[in-house]
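Participant: Right, I'll just put the structure down here and ask away after.
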Amino acid sequence: MKHIRNFCIIAHIDHGKSTLADRLLDYTGSVTEREKQDQLLDNMDLERERGITIKSHAIQMEYVHQGETYILNLIDTPGHVDFSYEVSRSIAACEGALLIVDAAQSIQAQTISNLYLALENDLEIIPVLNKIDLPSANPEEVTDDIVDLLGCDPEEVIPASGKTGLGVDKILEAIIERVPPPKGNTDEPLQAMIFDSVYNPFRGIEVIFRVVNGEITKGQKIKFMATGKEYYADEIGTLKLTQHPKQVIRTGDVGYLISGIKEAREVKVGDTITDAKTPTKNMIAGFENVKPMVFAGIYPVDTEDYEELRASMEKLQLNDASLVFTPESSAALGFGFRCGFLGMLHMEIIQERLEREFDMTVITTVPNVSYLAYSKKEQDTPIVVNNPSDLPDPSKMDRVEEPYIKATIITKADFVGPVMSLCIDKRGQITNQTYLTPERVELTFDIPLAEIVFDFYDRLKTVSKGYASFDYSPIGMRTSKLVKVDILLNGQSVDALSALIHADNAYNIGKKMCEKLKELIPRQQFDIPIQAAIGAKIISRETIKALRKDVTAKCYGGDISRKRKLLEKQKKGKKRMRQVGNVEIPQQAFMAVLKLN
Ligand code: GDP
Ligand code: MG
């Protein structure tokens, strides 16, 4: 145990975690020349393309320091706020953290939120000033910022570059000298924490865990405490770039387990693995069931593909337990699914995976948060509203509650005014304002989660010219004055376009929705009235004028190939359209409410 070090790398997104991890692997000789490839740990295609880490991964390195061989378990963490629960579990599996700060960007919102998580778990923090090779780097100033934040000595901050490899030796030394070895008792019953799981279509779910007490041996009968399920440890081992099967994984170490588990939902991140016969009495603290934050409908473009979509979603769920879905039907779109996501990025990823991996073409409806509606009669049992059309009749309701979050924004002093007006415009209440340095300010707000879902990031970027970073955590439900704004096309209400909006903004947003839909819905052979309504009351109206001619008419029937091209183009455009009544609605229209100015 005294030769094991478990550490993670935490940072704001893009500050260089994955790149630095690659350099550590290089330096310790953990990868062969043939295996070298940028951002080795991001092995999902989508992760590579987007340059982000979606899932946490663990990797073991060996390093000789003053004649002694050490085992270093590096746990990479996802940087995006949608996946913060996974970050918190990865952190709980470590004794130390490299806190990476970009020498040009300095401290950002997620630097701080991840640091707080690490401090809550009593991790030893090793600050790393990264990207010092950049011409725009400000090493002195940013070192001062780090010293202020941590209350450490300037000498403790290690200057480094993931690009050139500078400082990597110092970082490895610091890990061995400053990060404490794991504690734990070898003689106690097995207690291991799951901090990740990986889906393998051939071998089933691979569980990644850290042994806190006792040891796990090959063939042992084990039990997952949160689910109560029992399995045999068919294969255990350590993770390098490939799996290395072992007979035993001991206290303090990190490993993988394969037990023929077929479904991701049987393995819960944060759960405790113990021995089935002599179980530990204590589950490792901090386990939570992940809760979806954002809901949206997913519908097949072609109604006939419903069953195929269901099969695809089921398969996707096998490897992403945080995706939840239930069948729903919409008067406008027919049969589909109401899906719950961890956040907007997660939603985009699911949609993209459905299209790439399962070849499905889907329509995603306006995302919304989950509301609680209290009826006048039954005050104790609120109705969970995951879809605006499920909102009960307002005359029968006592009140509606919506989820609130605490938002933390770090920006330059120049942009405090615009950022504040944006937050107030989004129904936020400022709770704190702290100058981290004379130029950099941290603002905290209580704000409805729904407002973050609706175009918040884009507008924050615009008002701060890109100099603002943002992070949030849920703080519970609060009563709000919400109304359902419906949209009627050609006199027919389209349920999939309904949204719950704060009463004070309803008129304004209804009007903007009509204007936006007029832009997005293509002209057809007849006039299409667009109306916004609250209950029976029409609050706004626009009209899409009829198209005068057939698009192919201008080809005069002469140029066949050009005509065919046009038709093909139309057909392609149609792929993402849904016929509702006699109106064709493109995918973007369902997202219109997110893109209002
Ligand atoms: P992560 O989001 O924290 O994992 O960040 P990445 O490792 O994916 O890096 C984000 C971007 O910064 C990539 O384009 C990297 O090539 C670049 N980058 C990372 N480290 C350095 C560095 O030390 N110097 C320079 N110049 N660029 C770097
Ligand atoms: Mg990364």
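Each reported figure results from applying straightforward, stated rules to the coordinates on display, with no laboratory input. Treat the numbers as computed from the prediction; the structure is a model and nothing was measured. Heads up, the Cβs are rebuilt from the backbone with ideal geometry, glycines too, and the neighbour counts pull from every protein chain shown.
Participant: At most 14 other Cβ atoms within 10 Å and a DSSP loop assignment: could you name the chymotrypsin sites (Phe, Trp or Tyr not before Pro) in region 121-205 that fit?
Facilitator: When the chymotrypsin sites (Phe, Trp or Tyr not before Pro) of region 121-205 are filtered for loop state and at most 14 Cβ neighbours within 10 Å, 202 remain.
Participant: May I ask you to derive the relative contact order of region 78-194, considering only C-alpha pairs under 8 Å and at least 6 residues apart, and to give it as an integer percent?
Facilitator: So the answer I get is 25 percent.
Participant: If you don't mind, another one. Per residue, what volume in Å³ does the Cα convex hull of region 446-511 take up?
Facilitator: Each residue corresponds to 127 Å³ of Cα convex hull volume.
Participant: How large is the Kirkwood hydrodynamic radius of region 492-546, in angstrom, based on all distinct alpha carbon pairs?
Facilitator: 11.7 Å
Participant: So, in nm, how far is label residue 588 from label residue 170 when the simple model puts each one 7 Å beyond its Cα toward the Cβ?
Facilitator: Placing both labels 7 Å along Cα→Cβ, they lie 5.0 nm apart.
Participant: Here's another thing I want to ask about it. Of 371, 467, 63, how do they rank once you tally other Cβ atoms within 10 Å and put the fewest first?
Facilitator: Starting with the residue having the fewest Cβ neighbours, the order is 467, 63, 371.
Participant: Tell me the mean residue ellipticity at 222 nm calculated for the chain from its helices only (DSSP H runs of n ≥ 4, each -39500 (n - 2.57), averaged over every residue, nearest 500).
Facilitator: When only DSSP H runs of four or more count, the value is -7500 deg cm²/dmol.
Participant: Report the FRET efficiency, 1/(1 + (r/R0)^6), for residue 227 and residue 138, where r is their Cβ-Cβ distance and R0 is 35 Å, rounded to 0.05.
Facilitator: Computed FRET efficiency for residue 227 and residue 138: 0.10.
Participant: What list do you get for 346, 244 if you sort them by fewest beta carbons within 10 Å?
Facilitator: Final ranking by Cβ density, sparse to dense: 244, 346.
Participant: While we're here: Please give the contour-minus-distance gain from residue 507 to residue 248: 0.36 nm per residue of separation, less the Cα-Cα distance, rounded to one decimal in nm.
Facilitator: The residue 507-residue 248 span can extend by a further 86.7 nm.
Participant: Further, regarding this structure: Give a quick list of trypsin sites (Lys or Arg not before Pro) in region 434-495 that DSSP marks as loop, anything other than H, G, I, E or B, with at most 16 other Cβ atoms within 10 Å.
Facilitator: Listed in order of number, the matching sites are 465, 481.
Participant: To continue, here is another question. Under a Cβ-only charge scheme (Lys and Arg +1, Asp and Glu -1), can you give me the dipole magnitude of the chain about the Cα centre, in debye to the nearest 20?
Facilitator: 2760 debye
Participant: I'd like the projected area of region 297-413, averaged over all directions, using the convex hull of its alpha carbons. Report it in nm² with one decimal.
Facilitator: If you wrap the Cα atoms of region 297-413 in a convex hull and average its projections, you get 10.7 nm².
Participant: Further question: Can you pull out the GluC sites (Glu not before Pro) in region 201-264 whose DSSP state is coil and whose Cβ has at most 15 other Cβ atoms within 10 Å?
Facilitator: 263
Participant: Could you list 322, 473, 389 so that the one with the fewest beta carbons within 10 Å of its beta carbon is first and the one with the most is last?
Facilitator: The fewest-first ordering by Cβ neighbours comes to 473, 389, 322.
Participant: Answer with one residue from 389, 453, 424: the one whose Cα lies farthest towards the positive end of the charge dipole of region 367-466, charges on Cβ with Lys, Arg +1 and Asp, Glu -1.
Facilitator: So the residue we want is 424.
Participant: Can you tell me the orientation of helix 506-520 relative to the chain, as the angle in degrees between its alpha-carbon axis and the longest Cα principal axis, to the nearest 10?
Facilitator: It works out to around 80 degrees.
Participant: Same structure, new question: Work out the FRET efficiency for residue 116 and residue 523 from their Cβ-Cβ distance, taking R0 = 56 Å, and round it to the nearest 0.05.
Facilitator: Between residue 116 and residue 523 the formula returns 0.60.
Participant: Looking only at Cα atoms, what is the convex hull volume of region 388-450 per residue, in Å³?
Facilitator: Per-residue hull volume (Cα only) is 87 Å³.
Participant: Helix 109-120 versus the longest principal axis of the chain: what is the Cα-based angle in degrees, 0 to 90, to the nearest 10?
Facilitator: For helix 109-120, the angle is close to 50 degrees.
Participant: Can you give the translational diffusion coefficient of region 181-247 in µm²/s, computed by Stokes-Einstein from the Kirkwood radius over Cα pairs at 20 °C and 1.002 mPa s?
Facilitator: 164 µm²/s
Participant: From Cα coordinates alone, what are the radius of gyration and Dmax values for the chain in angstrom?
Facilitator: Answer for the chain, Rg first and Dmax second: 26.8, 87 Å.
Participant: Provide the descending list of Cα extents for region 130-263 along its principal axes, expressed in whole angstroms.
Facilitator: Sorted largest first, the three principal extents are 55, 35, 26 Å.
Participant: In addition: Taking amide hydrogens as modeled 1.01 Å from N in the peptide plane, which residues meet the under 5 Å criterion relative to residue 98, leaving out close sequence neighbours?
Facilitator: Correct list: 8, 9, 10, 126.
Participant: Find the all-direction average of the projected area of the Cα convex hull for region 215-321, expressing the result in square nanometres with one decimal place.
Facilitator: Reported value for the Cα convex hull: 9.3 nm².
Participant: So what J values fall out for region 333-349 if you push phi through Karplus, 6.51 cos²θ - 1.76 cosθ + 1.60 with θ = phi - 60°, rounded to Hz, Gly and Pro as x?
Facilitator: Calculated HN-Hα couplings, in order: 10, x, 8, x, 9, 8, 10, x, 10, 6, x, 5, 5, 4, 4, 4, 5 Hz.
Participant: Counting each pair of different Cα atoms once, what's the Kirkwood radius of region 68-169 in Å, rounded to one decimal?
Facilitator: 14.3 Å
Participant: If one takes the longest principal axis of the Cα atoms in the chain, at what angle in degrees, from 0 to 90 and to the nearest 10, does the Cα axis of helix 306-319 lie?
Facilitator: 20 degrees
Participant: Rounded to the nearest 0.05, what FRET efficiency do residue 380 and residue 478 give with R0 = 22 Å and r taken as the Cβ-Cβ distance? Could you check?
Facilitator: 0.75
Participant: Choose one of 212, 202, 167: the residue whose Cα lies farthest towards the positive end of the charge dipole of region 140-257 (beta-carbon charges +1 Lys, Arg; -1 Asp, Glu; about the Cα centre).
Facilitator: 202
Participant: Under a point spin-label approximation (7 Å from Cα along Cα-to-Cβ), what is the residue 262-residue 289 distance to one decimal in nm?
Facilitator: So the two model labels end up 2.3 nm from each other.
Participant: Pick out, from 492, 83, 521, the residue whose Cα sits farthest towards the positive end of the charge dipole of the chain, with +1 on the Cβ of Lys and Arg and -1 on the Cβ of Asp and Glu.
Facilitator: It is 492, whose Cα lies furthest towards the positive end.
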